[in-house]
Amino acid sequence: MISHDKIRQQKRQCRQQLSAKTQKKHSHLVLKKLKKQLSFQKSRHIVLYIANDGELDPDLITSFLKKRQKKCYLPVLHPFKKNELWFCEWNQHPLKRNKFNILEPNTHLNKKTQITCFDIIFIPLTAFDKKNNRLGMGAGYYDRSLAKINQFPALKPLFIGLAHHCQITEKLIPQPWDIPLDQIITDKS
């Protein structure tokens, strides 16, 4: 069995090597699939992310949602807790760069929103398998932040991973703390 670190390295390299044209095409194909899903059509409060390191870019999804007056949110590095996220509305205030050089809302200008308020949380990933197991970047930000929803299972939003099809791997062994995804959408699946 290949280690998670080795899989992470291979799949990051795979997505980083995709051309800008291919990246855009994959984003378009994912949006096309989402438009057909009833849960996406009915959603009002959606968490997205700013693509980094070759991740599937949800920019087209964001534009589509904002044109329909849906509320969009972004993850923000928690200001007090290590390896945890807050989620803040993505509004007209300028975004700032965090310690990883990723744009995020300024927590002084944007109110934190509880996970139970969201309909869908789109989650970036490094690798995935056919059982919707996800491998992130390794620090556990999403797993730690989303674990709190286990206290309110009836209010759980849909957790949807977005990825390029090249990020699929044979099998991932989930850890007890891993948050399972409801669905993974790629340019091919």
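Bear in mind that the values in this text are calculations on the coordinates, not laboratory data. Small disclaimer: the values here were computed from a predicted structure and weren't measured. Here the Cβ positions follow ideal geometry from the backbone for every residue, glycine too, while neighbour counts run over all protein chains shown.
For the listed peptides 59-67, 173-181, a ranking on the average number of other beta carbons within 10 Å per residue, highest first, reads 59-67, 173-181. Pairs with C-alpha atoms separated by more than 24 Å, drawn from the list Lys33/Lys66; Lys81/Lys156; Lys32/Lys112, are Lys32/Lys112.
In the distance distribution for the chain, Cα-Cα pairs more than 20 Å apart total 54 percent. Under 1.5 on a/c is rounded, so check that first for segment 1-99, then, if it is not, pick prolate when a/b is larger than b/c and oblate when it is not; a ≥ b ≥ c are the square roots of the alpha carbon gyration tensor eigenvalues. Oblate is the answer for segment 1-99, as a/c is 1.5 or above yet b/c matches or exceeds a/b. Of all DSSP beta bridges confined to segment 28-141, the antiparallel ones make up roughly 65%. A helix-only calculation puts the chain at -7500 deg cm²/dmol for mean residue ellipticity at 222 nm, using -39500 (n - 2.57) for each DSSP H run of at least four residues, averaged over all residues. Between Lys25 and Phe80, what's the calculated FRET efficiency when r is the beta-carbon distance and R0 is 45 Å? Round to 0.05. Approximately 0.65, to the nearest 0.05. Model label points for Lys112 and His165, set 7 angstrom from Cα along the Cα-to-Cβ axis, are 4.1 nm apart.
Stretched out straight at 0.36 nm per residue, the stretch from Gln16 to Lys67 would grow longer than its current Cα-Cα span by 15.4 nm. Estimated at 0.36 nm per residue, the fully extended path between Asp182 and Lys42 surpasses their Cα-Cα distance by 48.7 nm.
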